Amino acid sequence: MTATLDLNSIRQRASKFAKDFEGVTSEKRRDQDFMREFCGIFGISPNRIDWQYQVKENNKSQAKWIDGLLRGFLLIEMKSAGKDLDEAYRQASRYVSFLPDKDLPDYILVSDFTNLHLYDRKTGVPRLEIKLADLPQHLGPFLFLAGYETIALEQQAHINKEAAEKMAQLHDALKATGYTGKDLETYLVRLLFCLFAEDTGLFNENGLFLDYLINHTERDGSDLHGELTALFDTLNKPDDSYLKAHPDYKGQKRLASLPEQRSRFPYINGALFDGGLAHCEFDEAARNTLIECAKLDWSDISPAIFGSLFQAIMHFDDEAATAKTKKRRELGAHYTSEENILKVINPLFMDGLRTELAKCGKNDHKLNAFHDRLAGLNFFDPACGCGNFLVIAYRELRLLELEVIKKIWGKRLTAQIDIDTLIRCNVHQFHGIEIDPSAVQIATAALWLTDHQMNLKVQSLGLYYHRIPLTKKANIVCANALRINWVDVIAP
């Protein structure tokens, strides 16, 4: 699909559609008119939609009918006013399972004319739940129907590629000074975490790291290593807020005389900033490259995709210009896409977990037992690389947990509830073996970054949540998976 309508035209059509169907309640009388005109908002011809599309579980089963199917994009299931839309979604999901792969829709829309519930078919997670009257103000999640989703995905790929190329420049600038090996890899992983943390609120103040680089280091880069290692040391030691909450803490503490530019950073911990690094002689060019990296917006970076790009940076060892050109041109060309990861993990375990959740209905006892089960699951990838599969699996697990919490608590959630007792899935449930030490570091950091991204989604519950200091980490073991006894990594 290509975008043929401007957003103002789409919004005007949506406003007219909402007004035209205000007060309509009967599925049998107006469902096709509703679906036809809804798709017309986004410039989709009715001829492209299969109405009353027949599906059968097997040759002997009774035929079922999908109300509307835009193959590859959207399945629509209509109900009369007052009907259970959760059950309508479960019904639509069963119909999807009978479709051939080439016709599988990306999204499922269920509606009783008054309400519109849009689900991501791959994850089973609601993308949007709104009243019909509010449609003109919430068009974003539907814009894939006008081709804007493709544009957004291309922009996302560009963001990841641009960020990786900036990190590649920083890698090359440091390497040009003679800085190599594990210290270089650790340096880059720590800097990556700082860049991401700054733009996603983990440092509490946006621009804190960039300000530190620009206003508290020399232009020629001569003191940059010292300032960065001092910052890493600060991030590894408790701040006042942590010490007040943990008066029995006996470990190393921050100096009372810590300069303000470092004392403003929170306590991160998690072994990420533990341990010293060999001295690195930054020059002006390397400092400027790091500042350019910090000026990018890292909030939309995908830890799964970027991990592979980042790994490609670290694997650049050729000194010859021709080899360098070849490797840089192929940056990011070889990684497992998110779409293909979902094709593996959905049938392997996520589809089963979603079915279990659906069977719980609104029974709090069953939902709490299911939540216990999610928090007790372990996931193991014996050749995890930079963690692509683990990252996506963790994201999907957290999204499912969020749905469980919504079903149990509903509108009873308040700021007084201890959210740590609600969010129980964590990165320690994920295990891996990887022979490349740099990939081990990337996978570990990528899961932390994903954890923070999912914590931000808790805002959909009306609650702010972050999980620092990092008290748990993924169990990624650096070893040869063909030689190590897997029992030493995770119990059978």
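The values are calculated or read from the model by the stated rules, or taken from the named source; none is laboratory data. If you're wondering where the values come from, they're calculated on a predicted model, not measured in any experiment. Reconstructed Cβ throughout: ideal geometry from the backbone, glycine too, with neighbour counts over all protein chains shown.
Looking at region 209-218 only, could you name the residues that are under 29 Å from G387 (Cα atoms) and either crowded, with 20+ Cβ neighbours inside 10 Å or not assigned by TED's automatic domain parsing to the domain that holds Q261 (or both)?
Across region 209-218, the qualifying residue is only F209.
Hey, among the residues in region 204-218 that are touching a residue at least 40 places away in the same chain (Cβ under 8 Å) and within 26 Å of A304 (Cα to Cα), which one's nearest to the chain's Cα centre (by Cα)?
So the residue we want is N204.
Between G221, G201, which is farther than 25 Å from D451 by Cβ, surrounded by 15 or more Cβ atoms within 10 Å (Cβ to Cβ) and either of a type in the set (K, R) or touching a residue at least 40 places away in the same chain (Cβ under 8 Å) (or both)?
After ruling out the rest, the residue left standing is G221.
Among the residues of region 69-109, write down those that are more than 23 Å from G352 (Cβ to Cβ), within 24 Å of the chain's Cα centre (by Cα) and among the small types (G, A, S).
G72 - this is the single residue of region 69-109 that is more than 23 Å from G352 (Cβ to Cβ), within 24 Å of the chain's Cα centre (by Cα) and among the small types (G, A, S).
Looking only at region 284-305, decide whether some residue is part of a loop (DSSP other than H, G, I, E, B), more than 23 Å from the chain's Cα centre (by Cα) and within 18 Å of L228 (Cα to Cα).
Within region 284-305 (the criterion being part of a loop (DSSP other than H, G, I, E, B), more than 23 Å from the chain's Cα centre (by Cα) and within 18 Å of L228 (Cα to Cα)), the answer is no, since none of the residues qualifies.
Filter region 106-116 down to the residues that are under 24 Å from L402 (Cα atoms) and surrounded by fewer than 20 Cβ atoms within 10 Å (Cβ to Cβ) and list them by number.
Hits for region 106-116 are D106, N115.
May I ask you to verify whether E281 is in contact with a Ser or Thr (Cβ under 8 Å, 6 or more places away or on another chain), assigned to a loop (DSSP other than H, G, I, E, B) and either free of Cβ contacts under 8 Å to residues at least 40 places away in the same chain or more than 24 Å from W448 (Cα to Cα) (or both)?
Considered against the rule, which asks whether it is in contact with a Ser or Thr (Cβ under 8 Å, 6 or more places away or on another chain), assigned to a loop (DSSP other than H, G, I, E, B) and either free of Cβ contacts under 8 Å to residues at least 40 places away in the same chain or more than 24 Å from W448 (Cα to Cα) (or both), E281 comes out as yes.
Being within 17 Å of E260 (Cβ to Cβ), surrounded by 20 or more Cβ atoms within 10 Å (Cβ to Cβ) and either touching a Gly at 6+ places or on another chain (Cβ under 9 Å) or assigned by TED's automatic domain parsing to the domain that holds G275 (or both): is that true of L231 here?
yes
Only one residue in R254, R190 is part of a helix (DSSP H, G or I) and basic (K, R). Which one?
R190
Checking P492 against (1) surrounded by 15 or more Cβ atoms within 10 Å (Cβ to Cβ); (2) without any contact (Cβ under 8 Å) to a residue 12 or more places away in the chain, which test does it fail?
Just one mismatch for P492, condition (1).
Could you go through region 358-367 and let me know if any residue there is touching a residue at least 40 places away in the same chain (Cβ under 8 Å), of a type in the set (K, R) and under 19 Å from D86 (Cα atoms).
Yes - at least one qualifying residue is present in region 358-367.
This table checks each residue for (1) in contact (Cβ under 8 Å) with a residue 12 or more places away in the chain; (2) in a helix (DSSP H, G or I); (3) in contact with a Gly (Cβ under 8 Å, 6 or more places away or on another chain).
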position: Q12; (1), (2), (3): no, yes, no
position: F34; (1), (2), (3): yes, yes, no
position: W51; (1), (2), (3): yes, no, yes
position: K102; (1), (2), (3): yes, yes, yes
position: L109; (1), (2), (3): yes, no, no
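Check V458, V477 and return the single one that is outside the structural domain of T200 (by TED's automatic domain parsing), hydrophobic (A, V, I, L, M, F, W, C), out of contact with any strand residue (DSSP E or B) (no Cβ under 6 Å at 6 or more places or on another chain) and in contact (Cβ under 8 Å) with a residue 24 or more places away in the chain.
V458
Can you find, within region 438-492, the residue that is farthest from the chain's Cα centre (by Cα) among those that are farther than 24 Å from L422 by Cβ and among the hydroxyl-bearing types (S, T, Y)?
Ranking the candidates gives S438 first.
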